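What follows is a set of notes on a single structure, which appears directly below.
The values are calculated or read from the model by the stated rules, or taken from the named source; none is laboratory data. Just so it is clear, the structure is predicted and the values come from calculations on it, not from any experiment. Every residue, glycine as well, gets a Cβ built from its backbone with ideal geometry; the counts of neighbours run over all protein chains shown.
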Amino acid sequence: QVQLVESGGGLVQAGGSLRLSCAASGRTFSRYAMGWFRQAPGKEREFVACISRNSGSTYYAESVKGRFTISRDNAKNTVYLQMNSLKPEDTAVYYCAARPLVLSIAQAGYDYWGPGTQVTVSS
């Protein structure tokens, strides 16, 4: 069982930056690939970024590539999402999720999800 809690969301102006954190409980964090997803009002939840267990592989949605960076610290049981050059269309609730072993951009297979943190980007 893994419990996830996101933090770091808030209100920021377009062009600004935020750093999201996701703290995981338990001693098996390094066994999980981690992903960030987001859901904007009236839209389906979508993939943002993911990172493999040892940080060797990362993938990004085209819409955030070059602006967002995912990273993790297995010693701290934490995954991060550094978001730069934010745009109003980045406004959404951001969720972190854990998937056993295998990295994937698909939501299916992510067994554990955090409650989400709101990111609002004003124009």
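Name the residue, out of LEU103, LEU86, that is crowded, with 20+ Cβ neighbours inside 10 Å, touching a strand residue (DSSP E or B) at 6+ places or on another chain (Cβ under 7 Å), not basic (Lys, Arg) and not in a strand (DSSP E or B).
After ruling out the rest, the residue left standing is LEU86.
Could you list, ordered by first residue, the pairs with Cβ atoms under 7 Å in which the first is in region 2-17 and among the aliphatic types (A, V, I, L, M) and the second is surrounded by fewer than 13 Cβ atoms within 10 Å (Cβ to Cβ) and assigned to a strand (DSSP E or B), at least 6 apart or interchain?
LEU11/SER122; ALA14/SER122
Report, ordered by the first and then the second residue, all pairs with beta carbons closer than 7 Å, sequence separation of six or more or different chains, a first member in region 62-74 that is more than 11 Å from TRP36 (Cβ to Cβ), and a second member that is hydrophobic (A, V, I, L, M, F, W, C) and outside any strand (DSSP E or B).
Going by the 7 Å Cβ cut-off, the qualifying pairs are ASN74/PHE29.
List the residue pairs whose Cβ atoms are under 8 Å apart, where the first residue sits in region 101-123 and is free of Cβ contacts under 8 Å to residues at least 60 places away in the same chain, the second is among the aliphatic types (A, V, I, L, M), and the two are 6 or more positions apart or on different chains.
GLY109/VAL102
What residue, of GLY15, GLY9, GLY35, GLY114, is modelled with pLDDT of 95 or more and on the phi > 0 side of the Ramachandran plot?
Result: GLY15 is the single residue among GLY15, GLY9, GLY35, GLY114 that is modelled with pLDDT of 95 or more and on the phi > 0 side of the Ramachandran plot.
Take the residues in region 106-121 that are of a type in the set (A, V, I, L, M, F, W, C) and part of a strand (DSSP E or B); name whichever of them is farthest from PHE68 (Cα to Cα).
Step by step, filter region 106-121, then rank; the result is TRP113.
Given the condition touching a strand residue (DSSP E or B) at 6+ places or on another chain (Cβ under 8 Å), over 15 Å from VAL2 (Cβ atoms) and of a type in the set (S, T, N, Q), answer yes or no: does some residue in region 106-113 qualify?
yes
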